[in-house]
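Just below is one structure, and these are the notes that go with it.
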Amino acid sequence: PCMTSPLPDTVDYRDQSPEVKERFDRMKECPVVLSVEALGKTFPTPGGEVTALKGVDFEVFRREFMCVIGPSGCGKSTLIRILAGLETESSGQVLLDGNPVAGPGPDRGMVFQSYTLFPWLTVKQNVMFGPKMEGKSGASVEGEARQWIDLVGLSQFENSYPHQLSGGMKQRVAIARALANRPRILLMDEP
């Protein structure tokens with residue numbers, strides 16, 4: 001049916017109750033985990049240079065949850081790829097715990113838009129992959145993998161292969177796999 005009533009007034013995030021303001025103030029007392037300073041990215045194209053990001057500045061505090069929203073093609077994936085160390089910036093810098101991000105690392109977990117599971121590995125093996133690559137032993141890695149799999153609600157599918165899972169289940173496996181590495185930050189590109 002057609003909507004006949006007017007849209008409600010939008011809420012301004014700056015209008016906060018005293019309780020919410022106090023929680024935000026306390027969060028800002030936490031250490032800054034991620035700092036993005038004057039970040040820019042340009043791409044060469046046959047028609048000339050294309051600017052994907054320009055002058056991006058923000059900080060993320062410990063335990064803060066941040067979302068970047070915008071229309072398709074505005075640079076969200078480029079930004080997250082730079083934060084993950086998968087793409088280099090053209091200008092500015094990214095600091096994780098005060099250290100420059102230079103290439104990918106286990107301190108940044110990444111969950112991609114598309115399912116990036118290894119099709120020849122089971123759910124459990126996919127979640128165990130990162131810790132095993134870090135040289136951790138089988139029994140402790142397997143126990144921890146089961147905890148992450150349980151956390152995302154897939155315990156009964158730990159021995160299933162990706163082709164046996166729905167899209168949402170595959171993405172939950174990817175989240176569990178990223179968390180199994182115990183990253184400092186978790187980056188998620190439209191998971």
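The values are calculated or read from the model by the stated rules, or taken from the named source; none is laboratory data. Keep in mind the model is a prediction, meaning the values are calculated, not measured. Cβ atoms come from the backbone with ideal geometry, glycine included; neighbour counts cover every protein chain shown. Ligands, DNA and RNA are stripped out before the accessible areas are found, and what is left, the full protein with its side chains, is counted by its heavy atoms. Shrake-Rupley method; radii C 1.70, N 1.55, O 1.52, S 1.80 Å.
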Among the residues of the range 75-104, the number that are part of a helix (DSSP H, G or I) and of a type in the set (D, E, K, R) is 2
Among the residues listed as Pro183, Pro100, the single one being without any contact (Cβ under 8 Å) to a residue 24 or more places away in the chain, touching a strand residue (DSSP E or B) at 6+ places or on another chain (Cβ under 7 Å), within 29 Å of Glu37 (Cβ to Cβ) and not charged (D, E, K, R): Pro100
Within the bounds of the range 82-94, is there any residue that is more than 23 Å from Glu190 (Cβ to Cβ), open to solvent by 70 Å² or more (accessible area, probe 1.4 Å) and small (Gly, Ala, Ser)? no
Residue list for the range 142-191, filter: part of a loop (DSSP other than H, G, I, E, B), within 20 Å of Ser77 (Cα to Cα) and among the basic types (Lys, Arg): Arg184
Looking only at the range 21-51, count how many residues are surrounded by 12 or more Cβ atoms within 10 Å (Cβ to Cβ) and over 25 Å from the mean Cα position of the chain (by Cα). 1
Suppose we filter the range 59-77 for residues that are surrounded by 12 or more Cβ atoms within 10 Å (Cβ to Cβ) and not charged (D, E, K, R); how many remain? 6
In the set Glu142, Glu134, the lone residue that is farther than 22 Å from Phe65 by Cβ, open to solvent by 70 Å² or more (accessible area, probe 1.4 Å) and not polar (S, T, N, Q) is Glu134
Any residue that is under 11 Å from Tyr115 (Cα atoms), at pLDDT 95 or above and either open to solvent by less than 50 Å² (accessible area, probe 1.4 Å) or hydroxyl-bearing (Ser, Thr, Tyr) (or both) - is there at least one of those in the range 150-163? yes
Picked from the range 171-185 (must be surrounded by fewer than 19 Cβ atoms within 10 Å (Cβ to Cβ) and in contact with a Leu (Cβ under 7 Å, 6 or more places away or on another chain)), the residue farthest from Tyr115 (Cα to Cα) is Arg184
